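Student: One structure, pasted below without further comment.
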Amino acid sequence: MDPKSDTIIPLALTAGLAALSVAALINVDAGTPLEGWADGRYQRGFEARFETALPTQSAAVELWAALRWQLFREPAQGAVAGQGGWLFTAEEFAEPEALRDLAAELAHARSVLAARGIQLAPVIVPDKARMQAHRLPRGRSAGFAGRYDRALTTVAAAGLPVIDLRPALDFDTSFLRSDTHWSPEGAHRAAEAIAAALADTPLAQSNVETRKTGFRAFDGDLAGFVATGALRPHVGPHPDLIRTYDTTVTSAGGLFGAAEIPVALVGTSFSAKPAFHFAGFLSQALQVDLLNASAVGQGPFAPMDAFLAELDTLGTPPTLVLWEIPERYLTARSPQS
């Protein structure tokens with residue numbers, strides 16, 4: 001945005017907000033000031049009548065949100081604005097608390113799977129705030145510094161494969177600007193890193209081909225914390241532009257021609273949302289057919305509990321289960337993903 005627009009747009013937004021407020025003030029019923037003044041009833045009544053008198057309350061909210069974003073890059077509570085219009089979830093700034101016993105979670109899942117001859121490979125996804133730290137408005141506390149390393153140490157102590165995704169996601173667009181999650185490119189590199197780490201694991205192979213299909217605008221889950229509404233095309237935050245992909249799998253026939261699915265993916269919206277295409281990239285990188293048992297909005301532990309509970313209903317159990325766990329869920333309270 002050029003300097004002229006930087007001046008004109010805030011002035012126009014301020015003027016619009018002022019006009020709405022003046023119109024509402026003129027039209028509001030003043031009531032009887034002497035009644036209910038002492039106990040606050042008059043003030044509350046006036047405020048309610050003022051809100052009702054607004055020509056359109058939603059327009060005023062959008063104007064105010066646009067003004068806050070344009071002048072101060074200030075989103076609503078729940079998000080944190082970074083450099084260059086990037087947004088981060090406030091969960092990644094909440095002081096870590098030891099709310100999850102990762103060792104116990106891994107031991108339980110491993111035990112249930114091992115009893116059926118299935119291997120477990122945890123995949124800890126580092127925070128966006130960790131991998132895009134150069135965009136943060138401020139540093140995070142020392143409590144975050146060793147969280148990822150501690151998780152990998154726990155995985156190693158459980159005798160499970162250690163997959164460090166930090167090198168794979170250490171590039172400028174590994175995550176989306178307006179979203180909590182990785183970009184399709186980040187998901188692609190993560191899938192390749194996982195496949196490299198598990199190269200010695202024997203898996204029934206398939207012919208898998210992933211192709212680019214185009215581009216599309218993507219409204220990130222953090223953009224909703226900047227409620228600019230109809231003004232968004234003018235003041236932002238603007239949608240991310242993401243590349244789209246399609247993956248086709250030609251499975252090799254198993255016993256009596258039955259298709260074998262050797263890998264199951266269990267995780268959060270990092271794995272479940274089609275826009276990131278992580279399951280497709282993983283299938284391509286491993287050259288296997290894949291069952292995606294991930295879920296949106298439940299965190300990483302509930303989908304695993306559900307998968308383990310339904311394991312005996314699968315016709316042919318997988319050889320390997322990949323468990324995608326975002327770093328922040330090792331200590332975060334929120335079940336959302």
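Here, each number is a calculation from the coordinates, and none is a lab measurement. This one's a predicted model, so the numbers in the text were calculated from it and none came from an experiment. Glycine also receives a Cβ, built like all others from the backbone with ideal geometry; neighbour counts cover every protein chain displayed.
Student: Kindly identify the stretch 96-330 as rounded, prolate or oblate by the Cα gyration tensor criterion: order the square roots of the eigenvalues as a ≥ b ≥ c, call it rounded if a/c is under 1.5, otherwise compare a/b with b/c, prolate if a/b is larger, else oblate.
Tutor: Values: a/c = 1.96, a/b = 1.31, b/c = 1.50.
Since a/c reaches 1.5 but b/c is at least a/b, the shape of the stretch 96-330 is classed as oblate.
Student: Pop out the ³J(HN,Hα) list for the stretch 283-290 in order, Karplus 6.51 cos²θ - 1.76 cosθ + 1.60 with θ = phi - 60°, rounded to Hz; leave Gly and Pro as x.
Tutor: Residue by residue, the stretch 283-290 yields 4, 5, 5, 8, 6, 9, 6, 9 Hz.
Student: How high is the relative contact order of the stretch 96-330, in percent, counting Cα pairs under 8 Å that sit 6 or more residues apart? All intermediate terms of the calculation are to be shown ahead of the outcome.
Tutor: Values: 412 pairs, mean separation 59.4, N = 235.
So the answer I get is 25 percent.
Student: Could you tally the net charge around R211, taking each other residue with its Cβ under 13 Å from the Cβ of R211, Lys/Arg +1 and Asp/Glu -1?
Tutor: Net local charge, R211 excluded: 0.
Student: For a protection proxy built on the mean count of beta-carbon atoms within 10 angstrom, sort 277-289, 130-142, 187-199 highest first, please. Could the numbers behind the result be given before it?
Tutor: Details: 277-289: 23.6, 130-142: 14.4, 187-199: 19.4.
The packing order, highest mean first, is 277-289, 187-199, 130-142.
Student: How long are the semi-axes of the equivalent ellipsoid of the stretch 110-249, defined as square roots of 5 times the Cα gyration tensor eigenvalues? Whole Å, largest first.
Tutor: That gives 32, 23, 13 Å for the three semi-axes.
Student: Shifting gears a bit: Amide H to amide H under 5 Å from S294: which residues, 5+ apart in sequence or cross-chain, H placed 1.01 Å off N in plane?
Tutor: Answer set, sorted by chain and number: G267.
Student: Given H placed on each backbone N at 1.01 Å, which residues far from A227 in sequence or on other chains put an amide H within less than 5 Å of it?
Tutor: A76
Student: Considering only the other residues whose Cβ falls under 10 Å of the Cβ of S251, what net charge follows from Lys and Arg at +1 and Asp and Glu at -1?
Tutor: Working: positive: none; negative: E260, D289.
Taking every other residue near S251 into account, the sum is -2.
Student: In a shell of Cβ-Cβ distance under 14 Å around I163, excluding I163 itself, what net charge do Lys and Arg (+1) and Asp and Glu (-1) give? Numbers along the way, then the final one.
Tutor: Values: positive: R166, R189; negative: D149, D164, E192, D200, E324, E327.
Net charge around I163: -4.
Student: Give a residue-ordered list of calculated ³J(HN,Hα) values for the stretch 170-178 (Karplus: 6.51 cos²θ - 1.76 cosθ + 1.60, θ = phi - 60°; whole Hz; x for Gly, Pro).
Tutor: Calculated HN-Hα couplings, in order: 8, 8, 5, 10, 6, 10, 7, 5, 10 Hz.
Student: Continuing with the same structure: How far is the Cα center of the stretch 217-253 from the Cα center of the stretch 271-331, in Å?
Tutor: 22 Å
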